[in-house]
Amino acid sequence: MPCRGTVADVRISVDPSLDPASYGFTHQLRVRFAETDAMGIVHHSRYLPMLEEARVAYLRHIGHPYDEIRAEGVDMSVIEAWCQYRKPLRFDDVVDVHLDVATVERASFQMSYLLTVEGEVRATGVTAHGCVTTEGRPTRVPTWLRDLV
């Protein structure tokens, strides 16, 4: 019997670039003390909220705040997330979260991320999103998002 969650089920297909210049948007944030663990480094669970903060800032920056997208009847659910921790983030680091829309399919898209501190790579990530209606049914990616790639 096949196992659920096998490699064949993975939606992520993007290999994020390590070059900040290859990203179309950068959001800066500062690591808060509450995000660190007993070893004084950012806990692994805190990276996904950083990606989300940057993603929401990006949508706002390009003129499509998430609340307006939802008001138009579309949600962009995260269906898969991947993060590679390359070097720890620490309290009070100023982190540049570089991001771009990497791929767009009919009803889904992927975003790639690069986290740097003073130009040094700290982490990479990818999120896969499925577009759904307010009733949770799959729907097409908005035209404006498709046009970004």
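Working only within the range 33-48, note down all residues that are under 17 Å from the mean Cα position of the chain (by Cα) and hydrophobic (A, V, I, L, M, F, W, C).
Of everything in the range 33-48, just one residue is under 17 Å from the mean Cα position of the chain (by Cα) and hydrophobic (A, V, I, L, M, F, W, C), namely Leu48.
Hey, does the range 108-124 have a residue that's touching a Cys at 6+ places or on another chain (Cβ under 8 Å), buried (at least 16 other Cβ atoms within 10 Å of the Cβ), on the phi < 0 side of the Ramachandran plot and not in a strand (DSSP E or B)?
Within the range 108-124, none of the residues are touching a Cys at 6+ places or on another chain (Cβ under 8 Å), buried (at least 16 other Cβ atoms within 10 Å of the Cβ), on the phi < 0 side of the Ramachandran plot and not in a strand (DSSP E or B).
Collect the residues in the range 53-66 that are surrounded by 15 or more Cβ atoms within 10 Å (Cβ to Cβ) and either charged (D, E, K, R) or within 19 Å of Asp15 (Cα to Cα) (or both), keeping them in residue-number order.
Scanning the range 53-66 gives Ala54, Arg55.
Kindly evaluate Ile69 against the criterion of being of a type in the set (Val, Ile, Thr), in a strand (DSSP E or B) and surrounded by 13 or more Cβ atoms within 10 Å (Cβ to Cβ).
Numbers: of a type in the set (Val, Ile, Thr): yes; in a strand (DSSP E or B): no; surrounded by 13 or more Cβ atoms within 10 Å (Cβ to Cβ): yes.
No.
Starting from residues that are without any contact (Cβ under 8 Å) to a residue 60 or more places away in the chain and under 18 Å from Asp96 (Cβ atoms), keep the ones in the range 20-40 and report whichever is surrounded by the fewest Cβ atoms within 10 Å (Cβ to Cβ). First the steps, then the outcome.
Filtering the range 20-40 for residues without any contact (Cβ under 8 Å) to a residue 60 or more places away in the chain gives 21, 32-40.
Narrowing further to those that are under 18 Å from Asp96 (Cβ atoms): 21, 32, 35.
Details: Ala21: 6, Arg32: 11, Glu35: 20.
Here the answer is Ala21.
Evaluate the following for Leu145: is it more than 16 Å from Arg11 (Cβ to Cβ) and crowded, with 21+ Cβ neighbours inside 10 Å?
Values: more than 16 Å from Arg11 (Cβ to Cβ): yes; crowded, with 21+ Cβ neighbours inside 10 Å: no.
No; evaluated as a whole, the condition is false for this residue.
Since every read-out is calculated from the coordinates, none of them should be taken as a lab result. Remember, it's a predicted structure, so these values are computed and weren't measured experimentally. Positions of Cβ are backbone-derived with ideal geometry, glycine not excepted, and every protein chain shown enters the neighbour counts.
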